[in-house]
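The values are calculated or read from the model by the stated rules, or taken from the named source; none is laboratory data. What you see is a predicted model; the values in this text were computed from it and never measured. As a convention, Cβ positions derive from the backbone with ideal geometry for all residues, glycine included, and neighbour counts pool all protein chains shown. When the accessible area is computed, the model is the full protein with side chains, heavy atoms only, and any ligands, DNA or RNA have been set aside. Shrake-Rupley method; radii C 1.70, N 1.55, O 1.52, S 1.80 Å.
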Amino acid sequence: MIQASPAAATPRLPGLTIFVNEAVMNFPIWEIPHLGGGGLIALVAVVHVFVAHFAVGGGFWLALTEAKAYRENDPALLAYVRSYSKFFVLLTLVFGALTGVGIWFTIGLISPAATSTLIRAFVWGWAIEWVFFLVEITAAIIYYTTWDRLDRRAHNQIAWIYAGAAFVSLLVINGILTFMVTPGRWLETQNFWHGWLNPGYWPSVVLRSGSAIALVGLFTLLTGSWLPNGELRVKVLRYAACWVFPAFVVMPVGLLWYLAKLPEHARFIALGGAPVVAMFTAASMGLSGAILLFVWLGAWRTPEQFSTAFAALLLGMGFVATGTTEWVREAVRKPYILFGYMYSNSIHVGDADRVTQVGVLQTAKWAGIRDASHPDAGREVFTLLCLSCHEVDGYNPVRPLVRGWDEEYLDYQLSRLDTLKGFMPPFTGTAAERRALAQYLVSLNPEAR
Amino acid sequence: MNFATLPIPSPDLLPLPAPAWLLVGLSVFTLLLHLLAMNLTLGASLVAVWATWRRNESLARLVLNTLPVSTAMTITSGVAPLLFVQLLYGQFFYAASILMAVPWMLVVLLLMLAYYGFYFNYFKSAPLTACNVAVALGSAFAVLAIGFIYVNNFTLMLTPERWPTLINGASTRGTALNTGEPTLLPRYLHVVTAALAVTGLYLALRGQLRCGAFLFGGATLINIGFGLWFLFALPESIRNLFLGGNAAQTGHLWGGVGLAIAALMLMMLAVNATRPKPLLIAAALVLVLVVDLMATVRHFVREAYLTPHFDVWTAPVRPMWDVFALFAVTLVVGLGVVAWMITKVIRARA
């Protein structure tokens, strides 16, 4: 039951109504012009995932390549691994770790309710991953500062510790990431293990491992291309290609398996239900295929002619492929932020009916307007219900989407928002709020009337 | 102020995953670790400016070698208390963060700049040049700014009565700071000065005895002043808890002050001793205890501020002991591995 008590008005928040013990639309909304919250999350997340996957693959690369240099008694290769370790630390320990912190900051600001859920549901999972993070950081610092101090065996052991810790962190985080799309039985039980070891868990491990190996191969092509022409350069470039090839066996398997585990609705979106998403899925696969082909033709067949520019291009393609894949993962989760539990606009699925009855302007704690007949009510409804996915102009802009729609048509479309494209939650508000929103959306395109 | 009218978010629907005492305990303990590392980073980044500017090669070498590692430790140890504050006080923390979203996001950018600056000076510092000074200055400025932003957020989350004045409607551009807060400045100065004191002790331990002792002594004395300013800037009802109103809380605060003075005396003995090391180690142990007491006092202050709105001790709990046990085992094994790696390195030097 909602317990509403109309409260004395404060100057800035007129007509504030407070709901006791109701976790409905609890937080203020951070408005980022044009980019939008979704855009910012995408930006930070893609950059981080790109470097973080490299960090995981790179651990195994360092351990194996260092051992290879010892085994083959190749001082030139060893010197290369040593300089690689500096590049690796500067990229992963600083940029990788901080963008990871950045994701935390970002999701807390953009989707505080969902972030809070993830923390409450998985706090000990986060804590476990933190232990591995600690081991990882210590091992990385020791590894690159003790080339001259530790004996070969001990130094190589440190690399293995780093690789193991980094991989286990991926295993831990992966459970929480996949939970957001495929929460499985957790929805009924709220049991940690049901949520963490969810249906998407293993396919995603395979997919992410493949991506980690592929990216370390691509980074090796870049650093290898910096080497002076000669025997070592050819050796390193071909060796790098050997990391890329197996990844392209692993990743498609992971992808198909993952698609099979997606909820019906999400799979429908990914495989053609929504043309944009299907296009992105195809782009991600097409790019991956092109990378494979170019690595084979360039680095494997003709390493002598392989240039730094070409390596950078391949790495850029890898970045875009990572970005599109993450984007698809985001897209198939819509209209939810936590599949089946919470909509993208932070409304709990279980609360949707109540919000619809009572009204979003009444249930949102921070709404500045409580009255649907207020001239600015439509804009406030838009802020509360739509801003998580739409900017007016900019990220997924609503202005062009509603061009040419009149008020009646808009009101009708809003009443069946959840069926429009399969991306959107149902409109959760009263008929008066819906009308106010329709009027606001019509006012966005004055010339079209 | 009628608290019932404030837009304070409801606590998360999911119960706490462990009893409050465990979560609060872990939150204070991990904050202690973070404060030690953070103090060293903040203090060393300031000392680095001075040392590079005066071309003091040996002092500069010491702090510049310390900074990359201490920063890594600061970040790693900081993740844990940030996790627990979101778990225990998420409804306050997220709301305040959103109101100051832009500066809050800037933290990540500033930290990245500072960190790369530390690495730059770590790799290129012999002989010291004006470039090293400029980079050290930039990094120190970034670190100081981060501290200021943190103090803004962690005071704003305690004062929901200020929230409605910082926003108009449901959305915000997120550019607010909590500059109307009377404790903001003393709280910030108290932390920065404490960082200099901790760094002074570290320098003394690492062979810069006179300079370290001077820094530690000076900062500690000044900080008693800032601490009193902070205390008297607190709302009266909260201040009184530490002036006899609550025996345990009063004991924590003044015990901490007393021990800080004890550490100061140990340091003075060390400066004139023929074998200063044991005295310095004793001073360091006492100082860790001081920081621990102060971290606890900080928690008492937070609870006192939030008491009218929320009581973490009565929040619903559904413990996940099995996962917690796994965490505990992982922690023991993880720390074992870290210790093993560090002994390997130390042995190898011998």
- Within region A:19-40, can you find the residues that are at pLDDT below 50 and either open to solvent by 20 Å² or more (accessible area, probe 1.4 Å) or hydroxyl-bearing (Ser, Thr, Tyr) (or both)? A:Val20, A:Asn21
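Tell me, please, whether a residue that is of a type outside the set (A, V, I, L, M) and exposed (fewer than 12 other Cβ atoms within 10 Å of the Cβ) can be found in region B:260-272.
Yes, the conditions are met somewhere in region B:260-272.
Just the residues that are more than 17 Å from B:Leu287 (Cα to Cα) and either in contact (Cβ under 8 Å) with a residue 12 or more places away in the chain or among the small types (Gly, Ala, Ser) (or both), please, taken from region B:247-270. Outline the logic, then answer.
As a first pass, look at region B:247-270 and keep what is more than 17 Å from B:Leu287 (Cα to Cα): B:247-250.
Those that are more than 17 Å from B:Leu287 (Cα to Cα) and either in contact (Cβ under 8 Å) with a residue 12 or more places away in the chain or among the small types (Gly, Ala, Ser) (or both): B:Ala247, B:Ala248, B:Gln249.
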- Message: Cβ contacts < 6 Å: first residue touching a residue at least 24 places away in the same chain (Cβ under 8 Å), restricted to region A:178-190; second residue outside any helix (DSSP H, G or I) and surrounded by fewer than 21 Cβ atoms within 10 Å (Cβ to Cβ), any location; separation 6+ or different chain. Result?
- Response: A:Thr182/A:Pro199; A:Leu187/A:Gly340
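Can you tell me which residue is farthest from the other protein chains (Cβ to nearest Cβ) among those in region B:150-181 that are of a type in the set (A, V, I, L, M) and open to solvent by 10 Å² or more (accessible area, probe 1.4 Å)? Walk me through how you get there before you give the answer.
First pass over region B:150-181, keeping only residues of a type in the set (A, V, I, L, M): B:151, B:156-158, B:166-167, B:170, B:176-177.
The next check asks that each one be open to solvent by 10 Å² or more (accessible area, probe 1.4 Å); those that pass are B:151, B:166, B:176-177.
Working: B:Val151: 17, B:Leu166: 9, B:Ala176: 10, B:Leu177: 15 Å.
Across region B:150-181, the extreme among qualifying residues is B:Val151.
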- Message: Go through (1) open to solvent by less than 60 Å² (accessible area, probe 1.4 Å); (2) closer than 15 Å to B:Arg187 by Cα; (3) touching a helix residue (DSSP H, G or I) at 6+ places or on another chain (Cβ under 7 Å) for B:Pro235 and report which single condition fails.
- Response: (3)
- Query: Is it true that A:Leu313 is at pLDDT below 85 and surrounded by fewer than 16 Cβ atoms within 10 Å (Cβ to Cβ)?
  - Reply: no
- Query: Any idea how many residues of region A:213-232 are open to solvent by 40 Å² or more (accessible area, probe 1.4 Å), outside any helix (DSSP H, G or I) and either in contact (Cβ under 8 Å) with a residue 60 or more places away in the chain or in contact with a Leu (Cβ under 7 Å, 6 or more places away or on another chain) (or both)?
  - Reply: 2
- Message: Can you tell me how many residues within region A:125-150 are within 7 Å of chain B (Cβ to nearest Cβ) and free of Cβ contacts under 8 Å to residues at least 12 places away in the same chain?
- Response: 7
- Inside region A:113-124, can you point out the residues that are facing chain B (nearest Cβ under 7 Å) and of a type outside the set (Val, Ile, Thr)? A:Ser116, A:Arg120, A:Ala121, A:Trp124
- Item | Qualifying positions in region B:166-200 - free of Cβ contacts under 8 Å to residues at least 40 places away in the same chain and β-branched (Val, Ile, Thr) | B:Thr179, B:Thr193
- Before we move on, is B:Ser97 outside any loop (DSSP other than H, G, I, E, B), at the interface with chain A (Cβ under 8 Å from one of its Cβ atoms) and crowded, with 23+ Cβ neighbours inside 10 Å? yes
- Filtered residues of region B:285-331 (kept if in contact with a helix residue (DSSP H, G or I) (Cβ under 7 Å, 6 or more places away or on another chain) and of a type outside the set (A, V, I, L, M)): B:Asp292, B:Thr296, B:His299, B:Phe300, B:Tyr305, B:Pro308, B:His309, B:Trp313, B:Phe324, B:Phe327, B:Thr330
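Among the listed residues B:Leu228, B:Leu184, which satisfies the condition of being crowded, with 17+ Cβ neighbours inside 10 Å and out of contact with any strand residue (DSSP E or B) (no Cβ under 7 Å at 6 or more places or on another chain)? Let's see the steps before the verdict.
Values: B:Leu228 fails: crowded, with 17+ Cβ neighbours inside 10 Å.
The match here is B:Leu184.
Can you go through B:Pro19, B:Pro11 and tell me which one is at pLDDT 95 or above, open to solvent by 20 Å² or more (accessible area, probe 1.4 Å) and out of contact with any Lys or Arg (no Cβ under 6 Å at 6 or more places or on another chain)?
On the way: B:Pro11 fails: at pLDDT 95 or above.
The match here is B:Pro19.
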- Checking B:Asp311 against (1) more than 27 Å from A:Phe133 (Cα to Cα); (2) more than 14 Å from every other protein chain (Cβ to nearest Cβ); (3) among the charged types (D, E, K, R), the condition it does not meet: (2)
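Among the residues of region A:330-346, what is the count of those that are assigned to a loop (DSSP other than H, G, I, E, B) and within 15 Å of A:Ile110 (Cβ to Cβ)? Even if it seems obvious, please write down each step before you answer.
The initial filter retains those residues of region A:330-346 that are assigned to a loop (DSSP other than H, G, I, E, B), namely A:334-335, A:339-341, A:344-346.
Among the residues that remain, those that are also within 15 Å of A:Ile110 (Cβ to Cβ) are: A:334, A:344-346.
Total satisfying the criteria: 4.
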- Among the residues of region A:288-310, count how many are open to solvent by 40 Å² or more (accessible area, probe 1.4 Å) and aliphatic (A, V, I, L, M). 4
- Item | Pairs where the first residue, in region A:233-259, is in contact (Cβ under 8 Å) with a residue 12 or more places away in the chain and at positive phi and the second is of a type outside the set (Val, Ile, Thr) and open to solvent by 40 Å² or more (accessible area, probe 1.4 Å), C-beta under 7 Å, 6+ apart | none
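Output yes when any residue across region B:34-50 is closer than 30 Å to A:Tyr341 by Cα and aromatic (Phe, Trp, Tyr), and no when none is. Walk me through it before giving the result.
Of the residues in region B:34-50, the ones closer than 30 Å to A:Tyr341 by Cα are none.
No.
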- Item | Condition broken by A:Gly273, with the remaining ones in (1) at pLDDT 90 or above; (2) out of contact with any helix residue (DSSP H, G or I) (no Cβ under 7 Å at 6 or more places or on another chain); (3) surrounded by 15 or more Cβ atoms within 10 Å (Cβ to Cβ) satisfied | (1)
- Given B:Leu32, B:Leu62, which one is within 20 Å of B:Gln208 (Cβ to Cβ), more than 14 Å from chain A (Cβ to nearest Cβ), in a helix (DSSP H, G or I) and at pLDDT 95 or above? B:Leu62
- Could you tell me which of the residues A:Ser111, A:Ser85 is hydroxyl-bearing (Ser, Thr, Tyr), touching a residue at least 40 places away in the same chain (Cβ under 8 Å) and touching a Leu at 6+ places or on another chain (Cβ under 7 Å)? A:Ser85
- Query: Which members of region B:122-146 meet the condition of being open to solvent by 20 Å² or more (accessible area, probe 1.4 Å), under 17 Å from the mean Cα position of the chain (by Cα) and among the small types (Gly, Ala, Ser)?
  - Reply: B:Ala145
